[in-house]
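Worksheet for the structure shown next.
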Number of protein chains: 2
Amino acid sequence: MENRLPTIKEIAKQLNISVSTVSRALHDHPNIGLRTKMRVQQLAKDLNYEPNQTAIFFQQGKTYTIGVILPELSEAFFSSAISGIEDAAHKGNYTVLLGQSHDDVEKEKHLLDTFRKHRVDGLLVSISKNTNNYEHFEALQRYNIPVVFFDRIPKIPNIHYVACNMINGTVQAINFLFKKAHRIIGMINGPEKLPATKERLEGYIQAMTKSRLKYDPNLVVNCNLTKEDVAAATEKLLSGKRKPTAIVTFNDYVALDAVQQARKMKLKINKDVCFVSYANLPISNYTAFPPLASVEQFPYQQGQKATETLIELLQKKTDESAENNNVTYYKIILESQLIVHDNKQV
Amino acid sequence: MENRLPTIKEIAKQLNISVSTVSRALHDHPNIGLRTKMRVQQLAKDLNYEPNQTAIFFQQGKTYTIGVILPELSEAFFSSAISGIEDAAHKGNYTVLLGQSHDDVEKEKHLLDTFRKHRVDGLLVSISKNTNNYEHFEALQRYNIPVVFFDRIPKIPNIHYVACNMINGTVQAINFLFKKAHRIIGMINGPEKLPATKERLEGYIQAMTKSRLKYDPNLVVNCNLTKEDVAAATEKLLSGKRKPTAIVTFNDYVALDAVQQARKMKLKINKDVCFVSYANLPISNYTAFPPLASVEQFPYQQGQKATETLIELLQKKTDESAENNNVTYYKIILESQLIVHDNKQV
DNA sequence: TATATTCAGACAAACGTTTGCATAATTTTT
DNA sequence: AAAAATTATGCAAACGTTTGTCTGAATATA
């Protein structure tokens, strides 16, 4: 039962022609006569011939494989993103090699190594929270492996990336609250250094200023996203001099923790204080007091777009192959958007 | 800036020795003298030599790659499982090729094709909900690609699999409720044909019988897991003749929907009726009325174990290579376990 | 009919690595 | 000093495919 798979050689031998003819026949090369072309294709079918991809990868120096490194698949954002990536990749006939960094820089480096060794054609990366040294990415340039970053983007020049602009969404969120007659609007933001934090703040300031509510720094608290820290931040906000009637939180998880703290403080949610958040967790319908609205960041689309961009880069690379040193860097920004939930909560 | 990567040839030329010597030197082959071994390894390091994996894959007819097909990454169960898979794979020096079937048989088939063409060494599969024809898996036998199934397992003989026995966990769940003085215990189960459904039912019957509560078929309702169907099932149970004071639900999502329905019926959760569930969603702490307890299925461990098993199979395959036709099929069963939540709910 | 053109196919190299076998160089044994 | 054993290295094939170049045959042009 030794089941060697049929090769091009096998076909050639059986038909008494050369391998090159077989190869060309299978590729519909014009130089091959109709008769032989048919004979080859028929036999290939009969034998269940399938080209040996490993041979082709080797021969072409390409693997049609994309490496994806992201922090954490269990976060809804990333599991959505990977779906977008997969779909786009399959459409472009690429396969996806996956790795999670679990927000650990060492793991990130290790994955990068593995993928490089596996000779992936390109990389899609959302960097780990704790990465602030980008040498391992810069080193990739030398290997001529293009990288497209998405969502979590390193602060270095000359990179390709896809991201979502949070400023607009934030402005929409504040305006939404303003229309609902809120005048003191607080924010529980993320870790100070995070770009995502800065963007949210910027949107907050813009919107507050435009609504003539003025920007009061006391109404913005940073936190490190742990349950405890969120609780502390919430308490601080809700027991301050100017007590907000609405709070914008860094993401849905933060919102949930903040709600818990607010309830501990005997506040009525959606009456004394209400929440608007980022991320749009699918599960939040089920929670007791989901945020009134969420700023959607379109993870699926981000993943998809990033993949399409990468594939485009890969095409270009083979087309121009080193001669034309093209140095345009893609910076693709999607717009976030406020989604208002219709909370028919029981 | 044409940056060809260094090859074994390059090293050979520079040191004026043959490629075979270089290859052997790099592999610490005993036949190579210490002097040359050192020189080769030094130069390799200096040149930043890295073996071309595509060449090796091709030459060895192995890719050190495992294909993983699972239904849906956004389900907590599977995103946990993939972490276990990844960790075990990396430990064994394998890389993971990922694909989601989204519970679509056609996608499943397509992924299988892609992975086969990419010449993965082995496969890890959790089948799609809608798969009831297993030909595409049986076809793999001919290609000599081992498959280890996990969690969702096809009903065919002679396969390797890792699964979690739900019977014990279910028994524990019922006993837990019994100790809390519940005597009428209902169950909202899954689609009738699903093996998972059958197992839960079996556990239910076992435990009820042992507790001398007798098995009352009216207390068990099947549903297709949609929100509407769950609501209908809940209503049926809670307006029946024998009204249960506790309900075991197919999974946490079902529990959440059932709670909503119960509240719609003006029942007090945890007073009039309480819930125990399967799956243990991390988010459920945040919900208004999380289940009192969950039957944990250890997805991470399932993934890990499945991967280890597959790698073992792959080792054996190369060891015995066709001569010794080993036909032991691994059937690995983990035990589920009831996790009681301490619901310090506000 | 002789020459140019087109068509159909074959030949062989190349991609980078591993590995069985042969051989040269060295050392050990008699 | 010759034979045997050991050690270190080289040669070449193999893995399956693609592709540039060459050749022979058929056809068209003059």
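Scanning chain A for the Cβ atom closest to the axis that brings A onto B yields residue and whole-Å distance A:Ala288, 2.
Taking every C-alpha pair closer than 8 Å and separated by at least 6 residues, the mean separation divided by the residue count of chain A gives a relative contact order of 18 percent. Restriction of the GluC sites (Glu not before Pro) in the range B:157-210 to DSSP coil positions whose beta-carbon has at most 14 other beta-carbons within 10 angstrom yields B:Glu192. Full extension of the segment from B:His341 to B:Val19, taken as 0.36 nm per residue of separation minus the current Cα-Cα distance, would add 109.6 nm.
Within the listed set B:Ile56, B:Ile174, B:Ile69, the Gaussian network model of chain B (springs between alpha-carbon atoms below 10 Å) gives the highest mean-square fluctuation for B:Ile56. Using a Gaussian network for chain A with springs between C-alpha atoms less than 10 Å apart, which of these wobbles most: A:Ser18, A:Ser83, A:Ser294? Residue with maximal mean-square fluctuation among A:Ser18, A:Ser83, A:Ser294: A:Ser18. Which entries of A:Lys107/B:Lys305; A:Lys227/B:Lys180; B:Lys180/B:Lys243; B:Lys129/B:Lys214; A:Lys129/A:Lys180 show an alpha-carbon separation above 23 angstrom in the structure shown? Beyond 23 Å between Cα atoms: A:Lys227/B:Lys180; B:Lys129/B:Lys214; A:Lys129/A:Lys180. Using the Kirkwood radius over C-alpha pairs as Rh, can you work out the diffusion coefficient of the range A:183-296 via Stokes-Einstein at 25 °C, viscosity 0.890 mPa s, in µm² per second? After rounding, the answer is 177 µm²/s. When B:Pro51 is represented by a point 7 angstrom out along its Cα-to-C-beta vector, the spacings to that point in the other copies are 2.6 nm, nearest first.
Among the listed pairs A:Lys198/A:Lys271; A:Lys9/B:Lys109; B:Lys236/B:Lys268, those with a Cα-Cα distance over 24 Å are A:Lys198/A:Lys271; A:Lys9/B:Lys109.
Over the range B:8-51, all Cα pairs binned in 5 Å intervals from 0 give whole-percent P(r) values of 6, 27, 41, 22, 4, listed from short to long.
Compactness ratio for the range A:45-168: Cα radius of gyration over 2.2 N^0.38 Å (N = residue count) comes to 1.16.
Amide H to amide H, with H built 1.01 Å from N, B:Met187 comes under 5 Å of B:Val220, B:Val221, B:Val248, counting only residues 5 or more places away or on other chains. If you run the Gaussian network model on chain B, springs between alpha carbon atoms under 10 Å, then out of B:Ala255, B:Ala81, B:Ala288 the most flexible one is B:Ala288.
The other copies place their B:Pro191 label points at 4.2 nm from this one, listed shortest first, where each point is 7 Å from Cα along Cα→Cβ. Relative to the longest principal axis of the Cα atoms of chain A, the long axis of helix A:166-179 lies at roughly 40 degrees. Would you mind giving the three semi-axes, in whole Å and largest first, of the ellipsoid equivalent to the range A:58-98 according to its Cα gyration tensor? The three semi-axes for the range A:58-98 are 24, 11, 4 Å. For A:Lys214, the shell of other residues with beta-carbons less than 14 Å away shows a net charge of +3, using +1 for Lys and Arg and -1 for Asp and Glu. For the range B:129-237, the convex hull spanned by the alpha carbon atoms encloses 115 Å³ per residue. Could you state the angle between the C-alpha long axis of helix B:227-238 and the longest principal axis of the C-alpha atoms of chain B, as a value from 0 to 90 degrees rounded to the nearest 10? Once rounded, the angle reads 40 degrees.
What number, in percent, do you get for the relative contact order of the range B:8-51 if the mean sequence gap of Cα pairs under 8 Å and at least 6 apart is divided by its residue count? That works out to 35 percent. The alpha-carbon of B:Lys13 sits under 17 angstrom from the alpha-carbons of these aspartates and glutamates, leaving out residues fewer than 8 places away in its chain: B:Asp46, B:Glu50.
Each Lys and Arg contributes +1 and each Asp and Glu -1, all at the Cβ; summed about the Cα centre of the range A:77-188, the dipole is approximately 420 debye. Cα convex hull, the range B:230-291: 67 Å³ per residue, rounded to a whole number.
The modelled label-to-label distance between B:Ile332 and B:Tyr143, using points 7 Å beyond Cα along the C-beta direction, is 2.3 nm. Counting only Cα atoms, the size of the protein assembly as shown along its three principal axes is 81, 67, 58 Å, in decreasing order. Sparsely packed loop sites in the range B:1-86 (the GluC sites (Glu not before Pro) outside DSSP H, G, I, E and B with at most 10 other Cβ atoms within 10 Å) comprise B:Glu2. Once C-alpha pairs closer than 8 Å and six or more residues apart are averaged by separation and normalised to the residue number of the range A:166-298, the relative contact order reads 25 percent. Assuming charge only on the beta carbon of Lys and Arg (+1) and of Asp and Glu (-1), the dipole of the protein assembly as shown about its Cα centre is about 1500 debye to the nearest 20. With label points defined 7 Å past Cα in the direction of Cβ, position B:Met265 shows copy-to-copy spacings of 3.8 nm, given to one decimal and shortest first.
If N is the number of residues in chain A, what value comes out of its Cα radius of gyration divided by 2.2 N^0.38 Å? Working it through for chain A, the quotient is 1.31.
Every read-out reported here was derived from the displayed coordinates using simple, explicitly stated rules and does not represent laboratory data. Because the structure is predicted, anything quoted here is derived from the model rather than measured. Positions of Cβ are generated from backbone atoms using ideal geometry, with glycine treated the same way; all protein chains shown enter the neighbour counts.
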